[in-house]
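The values are calculated or read from the model by the stated rules, or taken from the named source; none is laboratory data. If you're wondering where the values come from, they're calculated on a predicted model, not measured in any experiment. Positions of Cβ are generated from backbone atoms using ideal geometry, with glycine treated the same way; all protein chains shown enter the neighbour counts. Note: areas computed on protein heavy atoms with side chains; ligands, DNA, RNA excluded. Shrake-Rupley method; radii C 1.70, N 1.55, O 1.52, S 1.80 Å.
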Amino acid sequence: MRILVTGRNGQVARSIAERAGAAHELVFVDRPGFDLADPASIARTVEQVRPDLVFSVAAYTAVDKAESESELAMAVNGDGPGALARAAAGIGAPIVHLSTDYVFDGAGDRPYREEDPVAPLGVYGETKLAGERAIAASGARYAILRTAWVYSPFGNNFVKTMLRLAADRDELRVVEDQRGCPTSALDIADAMLRVADVWASDPGKGADAVYHLVGSGETNWADFARAIMALSAARGGPSASVTGIPTSAYPTPARRPANSRLDTSRFAATFGCRAPEWRDSLEPVVARLIA
C-alpha cells in the first residue's frame, strides 16, 4: 500500500518509518508543502500523492501552550484532520488518525472505554476531540486511535526528560496522583501498520470506529520515572532518586486527567493485537537512549 504519513520528525512518524521496512510505500509530508493549518495545502498534497491509506499522526501537542494558542491548536488538531479526511474521501482512501486520552476528564475510577462520555479539561483535549468529530463527519472510512503517555527514542518525551534531568540532579520530584499507561511510539507504529495490513486483505474491517491503544498495564508518573531510573542505572546511565508529589505541587496552565487509563479490548478483538506490557517496551527504548 502507498501510505501518506503526516509529519516527518514526530515520535510516531519516525517510529512508522523504522517499523514499516519495505512492506509499504511510505510518503511523509510536512511543512512547508503540507500544513495542517492550511486546507489548500492538504487537498493539494493528497491529490498529488494519491495514497491508498492515510496515517494522520502529526498534531499540535504543546498541551500547556495550547491554552494561549487556542486558534492555532484548533486549526491543526481540529480543522486540519477534518480537511485531510475529506481529501482522503475524495480519492477513496481510508484514514487512521491518532487521538488522545485528553478527550476525557480523568474523573473515572476504571480504564476508559471508547463509548464513555468525553469531557476535555482544556484546549488541547477540546481540539483533539474536534478532530475526531470532523473525521467522523468527513465521509472517509476511518479508524481513530486514542493513545496516551507516549515516549520513544525520538523527539521530546517523558523518558528523555527524566534521563536528562537525572544527569544533573540527585533527586527528581514527580507527580504520583495521575495514573496512566505508558505507550511506546514504536508499539503505536506496529499497531497502525497492523491496521494497514488487515485493511489490505479485508478492506474496511473495523472501520468507522474509535479505538483505544496504549501499553498494557498501568502506573503513575513517579513510578514510571523510577522504572526509567532503574533501567538506566543498570546500564551505567544517569540515575536519581524519585520523590512522589501531588499534582497540586506542580501547577501547570492546562489541567491533566488524574486517570488516563484506557481499555484496549476493542482494538485487540478487532485487529488481533495488543501493545506489550509497558515495562517490556520501556527497556529497549532506555537501552537505545543510554547507548
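A few remarks follow.
- Members of segment 259-280 found to be open to solvent by less than 50 Å² (accessible area, probe 1.4 Å) and either modelled with pLDDT of 95 or more or over 30 Å from V198 (Cα atoms) (or both), listed by number: N259, S260, R261, L262, D263, T264, F267, A268, T270, F271, A275, W278
- Residues within segment 257-273 that are touching a helix residue (DSSP H, G or I) at 6+ places or on another chain (Cβ under 7 Å) and of a type outside the set (A, V, I, L, M, F, W, C), tallied: 2
- Residue in segment 12-23 that is open to solvent by less than 30 Å² (accessible area, probe 1.4 Å) and polar (S, T, N, Q) present: yes
- Qualifying residue in segment 167-177 (condition: surrounded by 17 or more Cβ atoms within 10 Å (Cβ to Cβ) and part of a loop (DSSP other than H, G, I, E, B)): yes
- Residue within segment 199-220 that is of a type in the set (S, T, Y), farther than 22 Å from Y102 by Cβ and open to solvent by 30 Å² or more (accessible area, probe 1.4 Å) present: yes
- Residue among A87, A93 that is touching a helix residue (DSSP H, G or I) at 6+ places or on another chain (Cβ under 6 Å), buried (at least 20 other Cβ atoms within 10 Å of the Cβ) and not hydroxyl-bearing (S, T, Y): A87
- The listed residue being buried (at least 18 other Cβ atoms within 10 Å of the Cβ), over 18 Å from K128 (Cβ atoms) and among the β-branched types (V, I, T), out of T45, T6, T61: T45
- Residue that is open to solvent by 30 Å² or more (accessible area, probe 1.4 Å) and not in a loop (DSSP other than H, G, I, E, B), where the choices are A227, A233: A233
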